[in-house]
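Engineer: My questions all concern the structure below.
The values are calculated or read from the model by the stated rules, or taken from the named source; none is laboratory data. The shown structure was predicted, so the numbers you read here are calculated from the model rather than taken from an experiment. A quick note on method: Cβ atoms are made from the backbone with ideal geometry, for glycine too, and the neighbour counts reach across all protein chains shown.
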Amino acid sequence: MSHETPASDRPLTTALAEAAAMAGHAPSVHNTQPWRWRVLPDALELHAVPDRRLTATDPDGRLLSISCGTALHHARLALAAEGWMAMVERLPDPDDAQLLARLTGFSRTGADPDAMHMVQCMQVRHTDRRPVSDEPVPTAALGQISSTVAAEGCRLQILDSDQVMELAAAAGHAATVEAEDPQLREELDYWTSRAGTGTGLPPEVLPEQPPQTTVPGRDFGRPGSLPVGPGHDRAAVYGLLYGDEDERDSWLRAGEALSAAWLTATRQGVSVVPLSGVVEVERTRQTLRRLLAGLGHPYIVLRLGIADPAHAGPPHTPRLPVEQVVDTSAVRGGQG
Ligand SMILES: Cc1cc2nc3c(=O)[nH]c(=O)nc-3n(C[C@H](O)[C@H](O)[C@H](O)COP(=O)(O)O)c2cc1C
């Protein structure tokens, strides 16, 4: 017989701590996990952690905000799955730049089965940097991914073949610029040599050699141990996630849209690899802006495809222990 307390009877603070822990599965640039959650008696706060920011690669905090936005969306879904509705204030305190979001005003609704399914997807979603298979991405899946992005206030432009060629050139240029900058190389080296710390990228998730693709993936500056095989990206679809503004709160929302897109894709059996080098370099970010024909500001590029089913993909990338990212000191003793 199970003695587990039904979800509806558990205190709010327990649900908040569990949602924050579940948000640890969220993707982040170089697996920096630049977030810390604070559980309060009637609120959940998301703080940025400047120590885990990419100071050279990401001086404006664009990728940090997008990364934290993915965690925010994960936490929102985890609460909805447990039957909690919340109000979300983004950047609620002009005097505290690290406070990115505050969730308050919790009320009970029925547990949301769709959110429950997405929570399952959080636990299987991962970045697979191998080339994709030759199987096309179903149009219906692309439609669902685009709708979920729109529901988070952003848009996804699917690139046509000419635009993919422009993206390929831009990605190559961004890779060259980044490889020639000693500070960027040093930063990448740091985040790809952190085995055993729960952050950064272990060799098992990095390709053992650059895949032969039209659009080059990120050059991590060192070979990993992930076998890539002879595949290509002929059947891949490239999408550009974009929106109206180029400000911190829009980057946070872009992260929420990225999470929504990626979890929906996971549900549809579609693999996603973000390509952020092209937005890190000013000149190539302007190229992407031109691809949007002035319709908005580019946040991140996504490679969408069907992963090779015949070979095992990479393992899951490790995460920081929950105690390091979720602070429950303000409610300790109050959790059921
Ligand atoms: C904002 C952002 C930018 C990213 N940029 C890249 C990228 O340029 N190339 C890449 O291979 N992966 C990229 N990723 C994927 C992360 O490296 C990955 O999410 C992280 O290492 C955690 O691994 P997981 O997704 O397998 O859980 C990015 C992720 C985010 C959220």
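Engineer: All but one of (1) more than 14 Å from the ligand (Cβ to nearest atom); (2) in a loop (DSSP other than H, G, I, E, B); (3) not basic (Lys, Arg) hold for Pro216; which doesn't?
Structural biologist: All conditions pass for Pro216, except number (1).
Engineer: Out of the residues in region 231-246 that are surrounded by fewer than 19 Cβ atoms within 10 Å (Cβ to Cβ) and farther than 19 Å from Ala151 by Cα, state the one that is modelled with the lowest pLDDT.
Structural biologist: Checking each candidate, the answer is His232.
Engineer: Still on this structure, I have one more. Check whether at least one residue in region 284-299 is surrounded by 18 or more Cβ atoms within 10 Å (Cβ to Cβ), assigned to a loop (DSSP other than H, G, I, E, B) and within 16 Å of the ligand (Cβ to nearest atom), and report yes or no.
Structural biologist: No, there is no match, as no residue in region 284-299 is surrounded by 18 or more Cβ atoms within 10 Å (Cβ to Cβ), assigned to a loop (DSSP other than H, G, I, E, B) and within 16 Å of the ligand (Cβ to nearest atom).
Engineer: Under the condition of being hydrophobic (A, V, I, L, M, F, W, C) and over 17 Å from Pro274 (Cα atoms), which residue from region 166-190 is surrounded by the fewest Cβ atoms within 10 Å (Cβ to Cβ)?
Structural biologist: Ala179
Yes/no matrix, rows are residues, columns are (1) of a type in the set (Lys, Arg); (2) free of Cβ contacts under 8 Å to residues at least 12 places away in the same chain; (3) surrounded by fewer than 16 Cβ atoms within 10 Å (Cβ to Cβ); (4) in contact with a Gly (Cβ under 8 Å, 6 or more places away or on another chain):
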position	(1), (2), (3), (4)
Met118	no, no, no, no
Arg129	yes, no, no, yes
Ser133	no, no, no, yes
Thr139	no, yes, yes, no
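Engineer: Considering only region 119-145, state which residues are assigned to a helix (DSSP H, G or I) and more than 14 Å from the ligand (Cβ to nearest atom).
Structural biologist: Val119, Gln120, Thr139, Ala140, Ala141, Leu142, Gly143, Gln144, Ile145
Engineer: When you look at Ser259, is it within 14 Å of the ligand (Cβ to nearest atom) and either of a type in the set (Gly, Ala, Ser) or over 18 Å from the mean Cα position of the chain (by Cα) (or both), yes or no?
Structural biologist: yes
Engineer: Hey, does region 29-36 have a residue that's more than 21 Å from Arg108 (Cβ to Cβ) and more than 13 Å from the ligand (Cβ to nearest atom)?
Structural biologist: Scanning region 29-36 turns up at least one residue that is more than 21 Å from Arg108 (Cβ to Cβ) and more than 13 Å from the ligand (Cβ to nearest atom).
Engineer: Is it the case that region 237-259 has a residue that's free of Cβ contacts under 8 Å to residues at least 60 places away in the same chain, in a loop (DSSP other than H, G, I, E, B) and within 16 Å of Pro59 (Cα to Cα)?
Structural biologist: yes
Engineer: Can you tell me which residue among Ser250, Ser225 is among the polar types (S, T, N, Q) and under 15 Å from the mean Cα position of the chain (by Cα)?
Structural biologist: Ser250 is the lone residue from the list that is among the polar types (S, T, N, Q) and under 15 Å from the mean Cα position of the chain (by Cα).
Engineer: Specify the residue that is farthest from Gly69 (Cα to Cα); the eligible residues are those in region 146-156 that are in contact with a helix residue (DSSP H, G or I) (Cβ under 6 Å, 6 or more places away or on another chain) and either without any contact (Cβ under 8 Å) to a residue 60 or more places away in the chain or assigned to a helix (DSSP H, G or I) (or both).
Structural biologist: Thr148
Engineer: Moving to a separate point now. Just to verify a result, which residue in region 15-71, among those that are over 14 Å from the mean Cα position of the chain (by Cα) and of a type in the set (Ser, Thr, Tyr), is nearest to Arg218 (Cα to Cα)?
Structural biologist: The residue in question is Thr57.
Engineer: Here's a follow-up. Can you find even one residue in region 152-169 that is closer than 30 Å to Arg222 by Cβ and within 20 Å of the chain's Cα centre (by Cα)?
Structural biologist: No, region 152-169 contains no residue that is closer than 30 Å to Arg222 by Cβ and within 20 Å of the chain's Cα centre (by Cα).
Engineer: Do you know which of the residues in region 103-115 that are surrounded by 16 or more Cβ atoms within 10 Å (Cβ to Cβ) and of a type in the set (A, V, I, L, M) is farthest from Gly69 (Cα to Cα)?
Structural biologist: So the residue we want is Ala115.
Engineer: So is Leu184 out of contact with any Phe, Trp or Tyr (no Cβ under 7 Å at 6 or more places or on another chain), within 16 Å of the ligand (Cβ to nearest atom) and under 20 Å from Gly221 (Cα atoms) or not?
Structural biologist: Yes: the conditions hold for Leu184.
Engineer: What residue, among those in region 37-51 that are surrounded by fewer than 22 Cβ atoms within 10 Å (Cβ to Cβ) and acidic (Asp, Glu), is farthest from the ligand (Cβ to nearest atom)?
Structural biologist: By that ranking, first place goes to Asp42.
Engineer: Sticking with this structure for a sec: Kindly indicate whether any position in region 264-273 is more than 18 Å from the chain's Cα centre (by Cα) and either part of a helix (DSSP H, G or I) or within 27 Å of Ala151 (Cβ to Cβ) (or both).
Structural biologist: The answer is no; no qualifying residue exists.
Engineer: Something else: May I ask you to list the residues in region 263-283 that are in contact with a helix residue (DSSP H, G or I) (Cβ under 8 Å, 6 or more places away or on another chain), within 11 Å of the ligand (Cβ to nearest atom) and of a type outside the set (Gly, Ala, Ser)?
Structural biologist: Result: Thr266, Val272, Pro274, Leu275, Val278, Val279, Glu280.
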